[in-house]
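The values are calculated or read from the model by the stated rules, or taken from the named source; none is laboratory data. These figures come from a predicted structure and were not determined experimentally. When we count neighbours, we look across all protein chains shown, and the Cβ atoms used for this are built from the backbone with ideal geometry, even at glycine.
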Number of protein chains: 2
Amino acid sequence: MSWYMDKGPDSDVILSSRVRLARNLVGHPFPSRLDKEQAAVVSNKVSESFFGETRDHRAEYLDVDLGCLPDEDRMALVEKRLISEDLARFGECRRAIISRDESVSVMVNEEDHIRIQAMSPGFDLNAAYRKAESVALLLESRLPIAYSGKYGFLTACPTNVGTGMRASVMAHLPGLAMAGLLRGAVESLGKMGFAVRGNYGEHSQAAGHLFQISNQITLGLGEDELIADLGRVAGQLLAQERKARKAVYDTDPIGLEDRSGRALALLRSARRMSSAEAMTLISDVRLGLSLQLVEGVTEEALNRAIISIGPASIQKNAGHPMNEFERDVERAKALHTILI
Amino acid sequence: MSWYMDKGPDSDVILSSRVRLARNLVGHPFPSRLDKEQAAVVSNKVSESFFGETRDHRAEYLDVDLGCLPDEDRMALVEKRLISEDLARFGECRRAIISRDESVSVMVNEEDHIRIQAMSPGFDLNAAYRKAESVALLLESRLPIAYSGKYGFLTACPTNVGTGMRASVMAHLPGLAMAGLLRGAVESLGKMGFAVRGNYGEHSQAAGHLFQISNQITLGLGEDELIADLGRVAGQLLAQERKARKAVYDTDPIGLEDRSGRALALLRSARRMSSAEAMTLISDVRLGLSLQLVEGVTEEALNRAIISIGPASIQKNAGHPMNEFERDVERAKALHTILI
């Protein structure tokens, strides 16, 4: 079962927690400076080390050569947040080792040779960290990892030097948005050294009021401190969002019930739907669900919907080329199936 | 059972047919010149004649003294098209005799002493005429009606002199509207001497693409000619509308299915709804139904919805004073009940 079908702690606001660890191999230039041949060497080394001679991870992990994957399949992995857009774009000699429950992925030859990311449902950064760490320890035990006693792990970008770690949470913030408090909350997170992005990473819009909050300042801090820092502000944000939802509800309970009930009805009855509209409606239903204003749908189903309706995921599922209109029709069908 | 719960001929486009006959009593000024006392005399005379000494119509008809009726009850009768806005406004010494199936009403002291109107489901002007005529014959046999051998029935407004008749059909024209052909169709009806109005009479908007088409030129024409004339143009309009619907469907079948499916889902799931939105959505569902794009709902139910959701009808049903917001909530509930 996919990780996002589990309901984690505080999942009314925090959909998921994620930890990423960057590692690099000794004796190879960073990926941006690798030629094809060298990149292939790195890619194979990581795969061989990970799976080992006994292929001990085969049952649990998929070894994906991105160079061999069609465009839409790569983009579908991006939509599931299993690989970055950059890794998808420069597929050649890039690799992703992905756990079958989709909670862990190891990107090879992204900005660093190795980027391990682990996701956990709900608000649980420690669980995500433990998963990422266990993969890192395995690779560190089998590969010569670039590490300096003075600086820690060496990375392509100096901002990652040290732990090589980024932690993030995906937060659903419709309450703050409706209460007009979102901009203020985002600005104050920025001042505290946290980055806030839309749900598909760096350059994306915040469709469906989903925001990824991550620590930006990592230099000189240990893993535990980074997780504690992010955990603290995410906890504050969680409290603010819940308070805002309550205030919005108290101001206009019927309005909110109307909004979420209509949204669910549209998701279940449309014959075609853009992903932007779907995300907006899913957000409305999710909000209503957290306030017990809608029935007959679960957070898990909504999570599955969020992760299944990107253009590439829809395209991949259909198995044949489609234009935007056809994707909108397929998306509506997928939503019926998921949210019935 | 109310007349609009029957499905008449060509009801995909023509919801109802209506015939109105104006009659006046000899020896009384027209209503605009009547004082209270005289108006009461006329009002009582008509009622007594209609019901007769044996009260033979009591089981079938209600005798409504509009002066005694609360405002919202009068307006609810307007929304059901049983009385005119003018009659509702000047309730005092006005009367309406209304059949229990709501297909026939006799307005007393509107512009004329007596205005008989009869409605029939679908496209069936003859049926409506027969109903109105039978009431007119009854009253003519019992009351001294102003009639000139040269001019015919005498009426307050000279345009009604002769037959005292107006015939109309209520047409649903979403196809022409979506195909951009509505304005042209309305203009050409005007040139042929027919009036086109929104569904609640003279000054109303065409909510839900419902239009009332009536003959304007009546002088010198007999009843049969009037009905044949209107029947002919309504038949042409019916054919144009069906053709337009087919063209709209052929251009974008999924778009139309999407639109009507969403509309029905919203009507069934909203917690509050304005009457304007409801009329628009009902129109979308009605169009979808005529093209077999939606299931689980009937034309009869939609007709009932149209006639039940006006502000006054909602107000009257609740039985206590409400503001607009409260009416919107009640309207949503009423729609759930009707369209479930």
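The table that follows gives values for the structure above.
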read-out	value
Among (1) surrounded by fewer than 23 Cβ atoms within 10 Å (Cβ to Cβ); (2) within 14 Å of chain B (Cβ to nearest Cβ); (3) more than 23 Å from A:MET178 (Cβ to Cβ) - the single one A:GLU257 does not satisfy	(3)
Residue list for the range A:30-52, restricted to those being in a loop (DSSP other than H, G, I, E, B) and over 25 Å from the mean Cα position of the chain (by Cα)	A:LEU34, A:ASP35, A:GLY52
Output for the range B:302-323, where each listed residue is assigned to a loop (DSSP other than H, G, I, E, B) and over 17 Å from the mean Cα position of the chain (by Cα)	B:GLY319, B:HIS320, B:PRO321, B:MET322, B:ASN323
Selection status of B:ASP86, over 18 Å from B:ALA156 (Cβ atoms), surrounded by fewer than 20 Cβ atoms within 10 Å (Cβ to Cβ) and assigned by TED's automatic domain parsing to the domain that holds B:THR163	no
Selected residue [small (Gly, Ala, Ser), under 23 Å from the mean Cα position of the chain (by Cα), surrounded by fewer than 18 Cβ atoms within 10 Å (Cβ to Cβ) and farther than 29 Å from A:LEU182 by Cα] from A:GLY91, A:GLY27, A:GLY67	A:GLY67
Which numbered condition B:ASP224 fails, given (1) closer than 24 Å to B:ARG130 by Cβ; (2) assigned to a loop (DSSP other than H, G, I, E, B); (3) free of Cβ contacts under 8 Å to residues at least 24 places away in the same chain	(2)
Total residues in the range A:269-280, condition surrounded by fewer than 24 Cβ atoms within 10 Å (Cβ to Cβ) and either more than 11 Å from chain B (Cβ to nearest Cβ) or closer than 24 Å to A:ASP252 by Cβ (or both)	6
Odd one out for B:SER43, checked against (1) more than 23 Å from B:ILE145 (Cα to Cα); (2) at pLDDT 90 or above; (3) of a type in the set (Gly, Ala, Ser)	(1)
Only listed residue being of a type in the set (D, E, K, R) and on the phi > 0 side of the Ramachandran plot, chosen from B:GLU92, B:GLU102, B:GLU187	B:GLU102
Test: residue in the range A:268-276 that is out of contact with any His (no Cβ under 9 Å at 6 or more places or on another chain), of a type in the set (A, V, I, L, M, F, W, C) and not assigned by TED's automatic domain parsing to the domain that holds A:ASP12	yes
Test for A:SER308: is it of a type in the set (Gly, Ala, Ser), closer than 26 Å to A:ALA185 by Cβ and crowded, with 16+ Cβ neighbours inside 10 Å	no
Test: residue in the range B:215-227 that is within 22 Å of the chain's Cα centre (by Cα), aliphatic (A, V, I, L, M) and within 13 Å of another protein chain (Cβ to nearest Cβ)	no
Residue list for the range B:85-134, filter: of a type in the set (Lys, Arg) and in contact with a helix residue (DSSP H, G or I) (Cβ under 6 Å, 6 or more places away or on another chain)	B:ARG94, B:ARG95
Matching residues, the range B:323-340, being surrounded by 21 or more Cβ atoms within 10 Å (Cβ to Cβ), away from chain A (no Cβ under 11 Å) and in contact (Cβ under 8 Å) with a residue 40 or more places away in the chain	B:ARG331, B:LEU335
Qualifying residue in the range A:233-249 (condition: within 14 Å of another protein chain (Cβ to nearest Cβ) and either in a helix (DSSP H, G or I) or farther than 21 Å from A:ALA185 by Cβ (or both))	yes
Filter result for the condition that a residue is farther than 19 Å from A:GLY198 by Cα and within 21 Å of the chain's Cα centre (by Cα), over A:GLU326, A:GLU299	A:GLU299
Hits in the range A:117-151 - residues which are within 30 Å of A:ASP12 (Cβ to Cβ) and of a type in the set (Ser, Thr, Tyr)	A:SER120, A:TYR129, A:SER134
Unique residue being in contact with an Asp or Glu (Cβ under 8 Å, 6 or more places away or on another chain), closer than 24 Å to A:ARG331 by Cα and of a type in the set (D, E, K, R) when the list is B:ARG262, B:ARG271, B:ARG286	B:ARG262
Test set (1) in contact with an Asp or Glu (Cβ under 8 Å, 6 or more places away or on another chain); (2) touching a residue at least 60 places away in the same chain (Cβ under 8 Å) - A:ASN215 fails condition number	(2)
Index of the failed condition, A:ALA265 passing every other in (1) touching a residue at least 12 places away in the same chain (Cβ under 8 Å); (2) more than 22 Å from the chain's Cα centre (by Cα); (3) assigned to a helix (DSSP H, G or I)	(1)
Answer from B:LEU125, B:LEU137, B:LEU143 - the residue that is of a type in the set (A, V, I, L, M, F, W, C) and without any contact (Cβ under 8 Å) to a residue 12 or more places away in the chain	B:LEU137
Residue count, the range B:59-74 (criterion: among the hydrophobic types (A, V, I, L, M, F, W, C) and part of a helix (DSSP H, G or I))	2
Any chance A:LEU287 is more than 9 Å from chain B (Cβ to nearest Cβ), under 18 Å from A:HIS209 (Cβ atoms) and in contact with a strand residue (DSSP E or B) (Cβ under 8 Å, 6 or more places away or on another chain)	yes
